[in-house]
Amino acid sequence: MKDKLDRLINEHIQALNPKQPLHKGEDAIRLDKGELPYPPSPDVVKAIAAAAVTLNRYPEVLGDSLRTALATYNNTKVEEIIIGNGSDDLIELIVKVFVKPGEEVLLPIPTFFVYDFAVKVVGGVSVVVKRTEDFGLDVEAIVEKVTPRTKVLFIANPNNPTANLVTRETLIEILDRLDCLVVVDECYYEFCQKTVADLIEKYPNLIILRSLSKSFGLAGIRLGYAIANETIIDYLYRAAQLFPVNKLALVAGEIALKDKAYILDNIQKINQEKINLAKELEQLGFMVYPSATNFLFVNTKPLGITSQNLVRSLRDKNIFVADFGCKQGLDGYYFRTAVGTPRENQLLLTGLKQVIG
Ligand SMILES: Cc1ncc(COP(=O)(O)O)c(C=O)c1O
């Protein structure tokens, strides 16, 4: 039976790893997924409950009232916005529209793993370029890797897992020198307020990705969007599913955008807690990288403990952070932790103190 299926399943899909669920109890301290520790705005929760009674009907095909709200939020035209089932969905859609089997996608590493995953799913080839020592972009190295088969360059800005931003000037230099599609993933935009979305008119090969998972606290509903010129958006929509975004997400997004005070308050809390947490981690002897996001990227080498051992020991204490030891472009000494509530951060620090003795 297995042999029969092996013959049928595409080879590049057989090469993918199975997904492994990580079971966490209700009382777990969850800092491993870069989530906002606060619930969505109460107005959003009410609107979702109200919309639930209409779930017998399909959503609007293009979700136009949310697109209109996003166009206003970003000062763009509605035709320059596409919404998706999380920005992950849009990453896959972009790759599906632009990359044929055997074609290349440039990835400055370390970076967000979903880009490479999406490329593998379509049988494309990820061409990695190492970031600089401080995780900036090596523009010359990127340009050198461009071939006639290069279709897309993904740049997470700020980057995940390294949390740093590259400058607008660097991005402009890349846009001036590359003809391929350049995707600037601004998933953490609200935490840092840095964007190049205003450049989509000048550079027709530029796509901006955004998410409502982080600053809006809507990771569970799956909602993201992209901003690009009308032609790109038109083709992305042609290849998208008919109903990629569910009705509850459409409503949640629209109301979340209206409750600006709630979002701002959460962002301020996280940015303040981030400073406190970074300071305390440094006092414990860790090296903490500058962060323009809602998480911290931490180097365990000064303490001589591998991140694998550290993350495992924390897990035994029901505290979850993400191990980046030995991930693409990194040695065995890195972990990423979301900035949690003050209580969660204190529990993390207590756990770390016990682990490092
Ligand atoms: C850089 C980056 N892009 C995209 C995403 C995915 O966001 P979403 O929840 O909208 O799919 C993440 C999530 O961690 C991320 O870090």
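The values are calculated or read from the model by the stated rules, or taken from the named source; none is laboratory data. All values reported here derive from a predicted model rather than from experimental measurement. Cβ placement follows ideal geometry from the backbone for every residue including glycine, while neighbour counts extend to all protein chains displayed.
Here are some residues: Ile221, Ile270. Which one is within 11 Å of the ligand (Cβ to nearest atom), aliphatic (A, V, I, L, M) and modelled with pLDDT of 95 or more?
Ile221
State the number of residues belonging to segment 160-205 that are under 22 Å from Glu230 (Cβ atoms), in contact with a helix residue (DSSP H, G or I) (Cβ under 6 Å, 6 or more places away or on another chain), without any contact (Cβ under 8 Å) to a residue 40 or more places away in the chain and not β-branched (Val, Ile, Thr).
Residues flagged as under 22 Å from Glu230 (Cβ atoms), in contact with a helix residue (DSSP H, G or I) (Cβ under 6 Å, 6 or more places away or on another chain), without any contact (Cβ under 8 Å) to a residue 40 or more places away in the chain and not β-branched (Val, Ile, Thr) within segment 160-205 amount to 1.
Quick check on my filter: what residues within segment 167-224 are farther than 28 Å from Lys274 by Cβ and of a type in the set (Asp, Glu)?
Glu173, Asp176, Asp179, Glu201
(1) surrounded by 21 or more Cβ atoms within 10 Å (Cβ to Cβ); (2) at positive phi: which one isn't true of Ser211, the others all being true?
Tallying (1) surrounded by 21 or more Cβ atoms within 10 Å (Cβ to Cβ); (2) at positive phi, Ser211 fails exactly one: (2).
Taking segment 16-74, which residues are aromatic (Phe, Trp, Tyr) and more than 17 Å from Asn85 (Cβ to Cβ)? Can you show your working first?
Going through segment 16-74, the residues aromatic (Phe, Trp, Tyr) turn out to be 38, 58, 73.
Listed by number, the residues that qualify are Tyr38, Tyr73.
Which one of these is under 21 Å from Ile48 (Cα atoms), over 20 Å from the mean Cα position of the chain (by Cα) and surrounded by 19 or more Cβ atoms within 10 Å (Cβ to Cβ): Val245, Val251?
Details: Val245 fails: over 20 Å from the mean Cα position of the chain (by Cα).
Of the residues listed, the single one that is under 21 Å from Ile48 (Cα atoms), over 20 Å from the mean Cα position of the chain (by Cα) and surrounded by 19 or more Cβ atoms within 10 Å (Cβ to Cβ) is Val251.
Report, by residue number, each residue of segment 12-47 that is in a helix (DSSP H, G or I), under 26 Å from Phe112 (Cβ atoms) and in contact (Cβ under 8 Å) with a residue 60 or more places away in the chain. So that I can check it myself, show each step before the final result.
Taking segment 12-47 as the starting set, the residues that turn out to be in a helix (DSSP H, G or I) are 12-14, 42-47.
Now narrow it down to the ones that are under 26 Å from Phe112 (Cβ atoms): 12-14, 44.
Answer for segment 12-47, where residues must be in a helix (DSSP H, G or I), under 26 Å from Phe112 (Cβ atoms) and in contact (Cβ under 8 Å) with a residue 60 or more places away in the chain: His12, Ile13, Val44.
Between Glu280, Glu273, which is buried (at least 16 other Cβ atoms within 10 Å of the Cβ), in contact with a Leu (Cβ under 6 Å, 6 or more places away or on another chain) and part of a helix (DSSP H, G or I)? So that I can check it myself, show each step before the final result.
Numbers: Glu273 fails: in contact with a Leu (Cβ under 6 Å, 6 or more places away or on another chain).
Selected residue: Glu280, the only one of Glu280, Glu273 that is buried (at least 16 other Cβ atoms within 10 Å of the Cβ), in contact with a Leu (Cβ under 6 Å, 6 or more places away or on another chain) and part of a helix (DSSP H, G or I).
Could you tell me whether Ser291 is closer than 21 Å to Pro158 by Cβ, in contact with a Ser or Thr (Cβ under 6 Å, 6 or more places away or on another chain) and in contact (Cβ under 8 Å) with a residue 12 or more places away in the chain?
In short, no.
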